[in-house]
1. Mind checking which helices (runs of 4 or more DSSP H) fall wholly inside region 159-218 and carry at least 3 residues that are more than 22 Å from residue 123 (Cβ to Cβ) and under 23 Å from the mean Cα position of the chain (by Cα)?
2. Residues of region 231-244 being in a loop (DSSP other than H, G, I, E, B) and crowded, with 23+ Cβ neighbours inside 10 Å, which ones?
3. Quick check on this structure: which one of 58, 46, 84, 4 is within 22 Å of residue 277 (Cα to Cα), at pLDDT 95 or above and assigned to a loop (DSSP other than H, G, I, E, B)?
4. Looking at (1) within 17 Å of the chain's Cα centre (by Cα); (2) surrounded by fewer than 23 Cβ atoms within 10 Å (Cβ to Cβ), which one does residue 109 not meet, given that it meets all the others?
5. Hey, does region 144-151 have a residue that's free of Cβ contacts under 8 Å to residues at least 12 places away in the same chain and assigned to a helix (DSSP H, G or I)?
6. From the set of residues in region 219-230 that are in contact (Cβ under 8 Å) with a residue 40 or more places away in the chain, touching a helix residue (DSSP H, G or I) at 6+ places or on another chain (Cβ under 8 Å) and in a loop (DSSP other than H, G, I, E, B), which is farthest from residue 156 (Cα to Cα)?
7. For region 161-168, indicate whether the set of residues that are touching a helix residue (DSSP H, G or I) at 6+ places or on another chain (Cβ under 9 Å), in contact (Cβ under 8 Å) with a residue 60 or more places away in the chain, surrounded by 23 or more Cβ atoms within 10 Å (Cβ to Cβ) and within 17 Å of residue 226 (Cα to Cα) is non-empty.
8. In contact with a helix residue (DSSP H, G or I) (Cβ under 9 Å, 6 or more places away or on another chain) and surrounded by 20 or more Cβ atoms within 10 Å (Cβ to Cβ): is that true of residue 179 in this structure?
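The values are calculated or read from the model by the stated rules, or taken from the named source; none is laboratory data. Note that this is a predicted model, so its numbers are computed, not measured. Note that we place each Cβ from the backbone using ideal geometry, even for glycine, and neighbour counts take in every protein chain shown.
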């Protein structure tokens, strides 16, 4: 499940001049006053376990926060390059933030998505914490589609050290027990291919994989973007999580646009990007 690249690219096209990545300093200097880019940093033995790290100039281990970008692709495809548009936007409008644009192991019939992909997200967070990158232990997520689901699930269910401070979900699934899914055999087949567990045999397991059921009063501030005609993510996925977070007293922003899986109007795409930037500035 991928969103239209226009979602991240439009703001860059409309609001800023042509941006060159040639300003990145890729030298091995440890001078924290100089920006640094590290491509395909390994965090595991699998070739898919890599991330790109963009470190801002004048970073500090006490104050520099990191945005972790998680791509979509139905948990079985996609790549971190799909989030490069977001990298450019963050660099331009949030220049003091570090960025980790991540890959994770893609699911196959031999390697189920869960808990494998959550394990990868955790491995990335732990590596960012222990390596001497000159950044703090404060992290936020921006995830699209399947990446939105992984970002929400990790933020709500696996944030035991309270290092995750915010999460942005763009058309991310929130509830695998939604009637729109469990009454659809194609989705039930996908569930099994991702987990190796039939929904009918273990509904509680699918609740554990659903951010809706993992949210608590201590969940992090959340911003969500959904389309009202999305063929993959029913509107109820965002509406229900918004209601649950309101009930729990968790700060959240819910945005619903006309259109499908990220293929919204240019006006709505621009609005979404502006709201995402403002949310990060105010809550992270």
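1. Details: elements: 179-182, 185-195, 203-208, 211-214.
By residue number, 185-195, 203-208.
2. The answer is 233, and nothing else.
3. Among 58, 46, 84, 4, only 58 is within 22 Å of residue 277 (Cα to Cα), at pLDDT 95 or above and assigned to a loop (DSSP other than H, G, I, E, B).
4. With (1) within 17 Å of the chain's Cα centre (by Cα); (2) surrounded by fewer than 23 Cβ atoms within 10 Å (Cβ to Cβ) applied to residue 109, the lone miss is (1).
5. So the first thing to find is which residues in region 144-151 are free of Cβ contacts under 8 Å to residues at least 12 places away in the same chain, and the list is none.
So far as region 144-151 goes, no, none of its residues is free of Cβ contacts under 8 Å to residues at least 12 places away in the same chain and assigned to a helix (DSSP H, G or I).
6. 221
7. There is at least one residue in region 161-168 that is touching a helix residue (DSSP H, G or I) at 6+ places or on another chain (Cβ under 9 Å), in contact (Cβ under 8 Å) with a residue 60 or more places away in the chain, surrounded by 23 or more Cβ atoms within 10 Å (Cβ to Cβ) and within 17 Å of residue 226 (Cα to Cα).
8. Working: in contact with a helix residue (DSSP H, G or I) (Cβ under 9 Å, 6 or more places away or on another chain): yes; surrounded by 20 or more Cβ atoms within 10 Å (Cβ to Cβ): no.
The answer is no for residue 179.
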